[in-house]
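We did not get these values from a lab; they are worked out from the coordinates using the rules stated. Because the structure is a prediction, the values reported are computed rather than measured. Because the Cβ atoms are built from the backbone with ideal geometry, glycine has one as well, and the counts that use them run over all protein chains shown.
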Amino acid sequence: MRDRVDALDFKAVDAPIEVINAAEAVAAQAFIFTTLKHTDSFTTLQKSLRDTDAKKIATQVQKAATTLWQQLERLPDNQDKVEVLTQINERFEHVPAITIDGATLTQTVTDHLQKTKNAIQAHEQAQRRRYSSPRPF
């Protein structure tokens, strides 16, 4: 599993190590979860254990994703954050499509990316309005 996550090269993303670690954890949990869900050559007991493990992994995926979103929210809304989100999203395209809160990983990152771009645009517009022209005395 580690090889598959390492192949995605999250460490190449220019982001704080906490963001990288959280993204890698989400990817690893997604690979494990998908593997558990797609294994069918089990006895009844093994299937029951697999289903229990799958539920645990689903919870771990949710926790890992929450940690990632929290780490991403700590980044300032600027072009660097846009670049980090874009790079992470590109890597998540190679992670199994799992759904968290009704959206896939790439959909969720895309939503964060759009929110960040909107926040940057709103900030820039506010700055332009605030300093639009000098005022006479």
Nearest-0.05 FRET efficiency for Thr35 and Asp111 at R0 = 25 Å, using Cβ-Cβ distance, is 0.40
For the table Lys63/Lys115; Lys11/Lys115; Lys55/Lys117, the rows whose alpha-carbon distance is greater than 26 Å are Lys55/Lys117
In nanometres, the difference between 0.36 nm per residue of separation and the alpha-carbon distance of His123 and Thr52 is 20.9 nm
Computed about the Cα centre, the charge dipole of the range 2-130 from +1 Lys/Arg and -1 Asp/Glu charges at the Cβ has a magnitude in debye, to the nearest 20, of 360
Per the 1/(1 + (r/R0)^6) rule, R0 = 25 Å and r from the Cβ atoms of Ala12 and Arg74, FRET efficiency to 0.05 is 0.75
Net charge (Lys, Arg +1; Asp, Glu -1) of residues whose beta-carbon lies under 10 Å from that of Phe10, Phe10 excluded, is -1
Note on the range 2-130: alpha-carbon gyration tensor, axes a ≥ b ≥ c; rule is a/c under 1.5 for rounded, else prolate if a/b larger than b/c, else oblate; result prolate
Listed with the fewest Cβ neighbours within 10 Å leading, Val26, Val82, Val19, Val109 appear as Val82, Val19, Val109, Val26
